[in-house]
Every structure is written in structure tokens, then in C-alpha cells.
Amino acid sequence: MRSNEYLIELRDVCVYFTERVGLLGKRVTKALDHVNLSISDGDVIAVVGESGAGKTTMGRVILGLQKPTSGIALFRGKDIYSLKGREFEEFRRSVQWVPQDPYSSLDPSLTIGEQLMAPIRRWNPKIDASARAQELLRLVGLVPPSFYMNKYPHQLSGGQRQRIAIARSLASNPRLIVADEPVTMIDSSLRISFINTFIELMRVVNLSLVFITHDIALARILLLKSGKGRVVILKDGRIVEEGDINEIVSNPRDEYTKVLVNAAPDLKKWLKGYEKRSEPSL
Amino acid sequence: MPLLSIRNLNVEYRLPDLKIAIKALKGVSVNVNKGDIAGIVGESGSGKSTLALAIMRMLKPPAIIKSGNIYFNDVDLLSLSEHEFNSKYRWVKISMVPQASQNIFNPTMRIRDHFIDTAKAHGITDENEVLKRASEILEFTKLNPARVFNLYPHQLSGGMKQRVAIALALFLNPELVIMDEPTAALDVVTQMDILNLVKSINEKFGTTIIFITHDISIIPVIASSVVVLYNGEVMEVGPMEDIIIDPKHPYTKALVQSTPSLSSSADEVKPIPGEPPNPLEDIQGCPFWPRCPYVMDVCKTDKPPEYNVNGRIVRCYLYEK
């Protein structure tokens, strides 16, 4: 495949943060260390790793928010960080972000309708912004949309706010969404309905998704339910493993992946183990 | 006789501006036996932290305890004077690892001074004795006391802070420790370490533990009994194995089904329909009925009583005989 057929491609990307220590000393943190990743149209990529692994930095490089120290980040074959004018506009329109915390990512002084219509008008001044906003609300499962248009964020629950944040990311008709721990602040009982929403969106508007999470079980369900895509395991800024989620979970080759898989609480495995333990007494 | 027995506890948050009272706990009754690790599961807003703070008598206005009793070894904690409760119970017999323990430390104090401060508040002034005891506990939590004593909170990682918070809670060797979401902000690897630590505290010192979490998937790892809370009400109480293997209440069932496991298939994991309840709205009848697939007419008007199902408490009309 020619490289300009990729939606996004990271080639040997490093991001180093240099901190001053004392008068003369320096400390270098390698947030990303020689990372290679390619994202095609329609891809689903689950990025899994612990805090400090470099997941968010990777998301920021893809979003055009963090210039690599070395290496190159490409959007349809062109360096994101030297895009100008129209081409940069096209990149911005195509790659959007869903942040982690819905309690701080929405503007408290704007109604839901206003926060959705502003980016719609920015990207498409000709269409009926209000109608489009309501369409987006319906897409993310907030029905009836008219109920939400005049509400302020503080009148909504955390789960509803996060749905608004997802709707807002769709305002520019993007091709790729980078969702950075989008359900971490959401009650665990609602997380699956968000997974279903993302899958529905990918189906309906042909979206690609980079889903950043520390929860490998959740990443697995996302990939299984969407029936495609792959997982990328990050550790200390490096991709230690990448591929089919079931393959990696059942046969982790990297030591860190093994630790991650073993530490994930598993209700079902526990239940099976329980059946085995209780068999002799039956 | 249970170590802790909460009887018909009602807690309200009074919001004078809105001229309403939010009922955070509605007639909650829970028993915790000595030596248990009692898991309390519920979504945000279900009243988990309110319950913990009520036991510690640390609720502040606008929260008030409307009615109910909290018996600890048959003494009603709510009937004691603040002085008596503080000198004989709080931190001495019942202590707590608060939610978001990452933020409970005084950023200007070294870790050693947090122990000295805690000891002083309970009349222990011999610093050598304090540091000796603190070293023992820190070592038990797998921290190096000599190193950690001189650090400031910001120099510790999230997992280390959680260990120090646990060590502070154990400092006076309490009979009961309430842990409020002790692993919520930690990654899975650190979470497993902390869960193992909590279990070893329970085994080694016989400390009774109330373990509050929103994540039912860690319950089998840690708990011996489970209380399921929803919108300030108890839905189901029973031994951990029974509740996880064969949940009776539709909410507990839905909660187990909504939890992804590394071995579950895509279709097995199902979301709970609808939205969590809005605390500002008073729901008539069972609080789960708007989301319940088995809803009947009676659920919308009457609160289900406690049904005893094979030694388990289930508050659901499905089990009416």
C-alpha cells in the first residue's frame, strides 16, 4: 500500500520532554519512543497501556497538537506539522477529538445547542445548524434532541455530557476520531452503551476510531463488537505489541502484555474457575 | 452479632435554594460481620460515599442524618457525643481510606509528619514510638519507611499514595476500615497490588473491611459479602459467590451483564438500558423500575419490601410468594 493511502501514518515518531533539574542538569522523559503506526480509512485501533505509557501523547501527535521531537506524522501522505492553508483545514476537519472529562470539556455558559451549532457553522456555514445539531444528538442517542438543545451542561448527567462531547466531535464530519479515555469518567454500567454508540457511529458515518483506554477488557469488547480493528499495547512510550486482540489476550508474547492481561479483573473467568472449584462437592 | 449494624438509615442533602431535599440514603439497613470484607457496589449517586461518611460521622451540612441507627458492637454511634465518638471510635476503632486518596495529603508536610499529626490528634506524643509503629505498617504495605518518611506527597506515585493512605488508616489498629473506591484512579496492575494488600490486611490483622466500589468486576477478587446499592436504596445483600454467580435482583443481573471480561463474547456484554436516576427526581416505587426489563405495575407505585431468597435479601416483587 502506498503511504498516501493511509489516513494517518506515524513513522519512527519520538516525543521527548526535557525538564531542567537543578542548575545544570536535565531530565529527558521519552513519552513516545520510535513509534510506527498506520491508520487506514475505517480502521478501529484500541490503544492500551497504563498511566504514563504515552497513550495521550500519541493521541496528541495524531491530532496535530504535539509536534514529534523526531520522526514524521503523516495525514494522507503529507506531514501534519507542515500542512498549511487549505490542506491544514482539511486535516483539522477530518481528525477530531473526544476528551476524557465531560465535566470540564463543555463550555458551562453555552447551551447544548449553542456548543454544537458553533462548530457546525464554522465548518459548514450554509446548512441549517440547528437541524444538523439535532441530527447529531440523535446519532449519539440523545432523544428527543429538542429536549437537550436549550439545556446547559450542568443540567445533564456525566454520561449525557460525554454524549454531547461525542456529538460535538462529529460537527465537522470528521474521518477519524481520537477518543482519549472517553468512558473512564463514566459509570461502569454505562460504558458498554458508549461502546455501542461508537460502533454505531462507525457504521453510520464511516468513521475511523482511535480509542485510548487503560482497560484491556473494554478494548477487547470494542474490537469484538466492531468485528475489525486491532489493539496496540503501549509501554514506556514504545509499542510492545500490536495485532488481533484475541490473539494477544490468549497468547501475549510481551512480558508487559502478560502482566496487563493477568491483572485485568475477569468476572467470567472467575465464574468458570468457581464452577471447577465447586465440582467435587456436587 | 454483627460488628456493624446499620438500621433504617435516612440521609438527606437539604438544598434551601431549590427548596428541596435530596434523599441520598433511603432506609438503608446493612450488617457487616467481624472479619468480613464487605463489598458495597453502586453507580455514582447511589449513596456509597454518603454511607461511608455517615458511619464516620463526617457528614457535613447540607447533609443531615434524618433517622436511623448505626450500631457498632451494639453501641449506637449516632447517640454518642462528638467528644466520645472522636476519642473512642473515630480512627481508633473505625477508620477510613477516603475517596481520591491522592488528594488527602497536606502538600506542605512530609509523610512522617502526617503520621505524627494523626498520632497527636489521638494523644500520642512520643515521636519515636509513632515512627516505630508507622515504619511497621509502611513496611507491611511494601513501602520503604526510611525513604518514604522524608518525601512530600507530590513525590509519591498514585499507588504509593494509596499505600500511605492505607497505612494511616491502620495506624491505630482499628477493628473496621472503610475504603472508598481505593483503586478508582489506579491502572489495573497497581489495582491488583492494592487489592492483594487489602486482602492481606484482612487476613493478617483480622481487620473488618468495607470496600466501596462502582466496579463489580473486582468484587470476586476482594469481597466475601456484597451489598448492592441503587439510588440510595439497598437492592440485594448476600454472600459474594451467590450474588455474582446467580444475581437475583434485575439490577444486579444487569450490572453483572454489563461488565466486560477478557473472556466474554461480544454478545454477552449488554448495557443497562436507560440513564441512571436523577437525584433531584423522587422515583415512586422501586427506583430501578424505569430501567427494569421485568417491570410490573406494582413496581411503579410501591417500594418492594425485603424478600428472603435462600438466605439472601432481595428487594424485588419478582420474589413475592
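Could you identify which residue out of B:K26, B:K66, B:K199 has the top mean-square fluctuation in a GNM of chain B using Cα springs shorter than 10 Å? Largest GNM mean-square fluctuation: B:K66.
Accessible surface for segment A:116-181, divided over its residues, is 42 Å² per residue with a 1.4 Å probe. Rolling a 1.4 Å probe across the protein heavy atoms gives segment B:168-321 an accessible surface of 37 Å² per residue.
The calculated 222 nm mean residue ellipticity attributable to helices in chain B amounts to -8500 deg cm²/dmol, summing -39500 (n - 2.57) over DSSP H runs of n ≥ 4 and dividing by all residues. The mean sequence separation of alpha-carbon pairs under 8 Å and at least six residues apart, normalised by the residue count of chain B, gives a relative contact order of 20 percent.
Return the value, in Å² to the nearest 100, of accessible area buried between chains A and B (probe 1.4 Å, both sides summed).
3200
Take every Cα pair under 8 Å whose residues are at least 6 apart in sequence, average their separation, divide by the length of segment B:220-300, and the relative contact order is 22 percent. Where the alpha-carbon atoms of chain A are placed on the principal axes, they occupy 68, 59, 47 Å, in descending order. For chain A, with a Gaussian network of springs between Cα atoms less than 10 Å apart, report the residue from A:R168, A:R20, A:R230 with the top mean-square fluctuation. Among A:R168, A:R20, A:R230, the largest GNM mean-square fluctuation belongs to A:R20. Cross-link pairs exceeding 19 Å between alpha carbons, from the set A:K269/B:K270; A:K228/A:K258; B:K26/B:K321: A:K228/A:K258; B:K26/B:K321.
Name the aspartates and glutamates eligible as straight-distance cross-link partners of B:K248: C-alpha to C-alpha under 20 Å, and not fewer than 8 places from it in the same chain. Those aspartates and glutamates meeting the cut-off are A:E275, B:E43, B:D215, B:E233, B:E236, B:E268, B:D297, B:D302, B:E306, B:E320. Cut-off under 16 Å on the C-alpha distance; same-chain residues fewer than 8 positions from B:K23 excluded. Which lysines are left, in chain and number order? By straight Cα distance, B:K23 reaches B:K48, B:K60, B:K66, B:K303. Remark on segment A:194-216: accessible area falls by at least 20 square angstrom from chain-alone to full-complex state for A:H214, probe 1.4 angstrom. Largest accessible area first, the residues A:T257, A:T184 order themselves as A:T184, A:T257 under a 1.4 Å probe with ligands, DNA and RNA left out.
Cα-based count: Lys pairs in segment A:1-142 below 21 Å, eight or more positions apart or different chains?
For segment A:1-142, the number of qualifying lysine pairs is 6.
On the protein assembly as shown, 50 percent of the accessible area sits on carbon and sulfur atoms, based on a 1.4 Å probe. Taken along the Cα-to-beta-carbon direction at a fixed 7 Å, the label points for B:H83 and B:L280 span 4.4 nm.
Per-residue packing, averaged as other Cβ atoms within 10 Å, sorts the ranges B:135-142, B:251-258 into the order B:251-258, B:135-142, beginning with the highest. Taking a straight line from the alpha carbon of B:K132, these lysines sit under 26 Å away, with near neighbours fewer than eight places off in the same chain left out: B:K88, B:K93, B:K120, B:K142, B:K161, B:K199, B:K204. If R₀ is 22 angstrom, what is the calculated FRET efficiency for the pair A:V143 and B:V295, using the beta carbon separation as r and rounding to 0.05? Efficiency, rounded to the nearest 0.05: 0.60.
In this calculation the C-beta distance from A:E87 to B:D17 is compared with R0 = 51 Å, giving a FRET efficiency of 0.45. Compute accessible area for segment B:203-238 by itself and then with all protein chains, 1.4 Å probe, and report residues whose area falls by 20 Å² or more. Output list: B:H214, B:S217, B:P220. When each full DSSP H helix of chain B is screened for a Cα extent of at least 15 Å along its own axis and an average Kyte-Doolittle hydropathy of at least -0.5, the helices passing are B:111-121, B:127-140, B:158-170, B:188-205.
The values are calculated or read from the model by the stated rules, or taken from the named source; none is laboratory data. Here the structure is a predicted model, which is why all the values come from computation and not from measurement. Quick reminder, even Gly has a Cβ in these numbers, built from the backbone with ideal geometry, and neighbours come from all protein chains shown. Ligands, DNA and RNA are stripped out before the accessible areas are found, and what is left, the full protein with its side chains, is counted by its heavy atoms. Shrake-Rupley method; radii C 1.70, N 1.55, O 1.52, S 1.80 Å.
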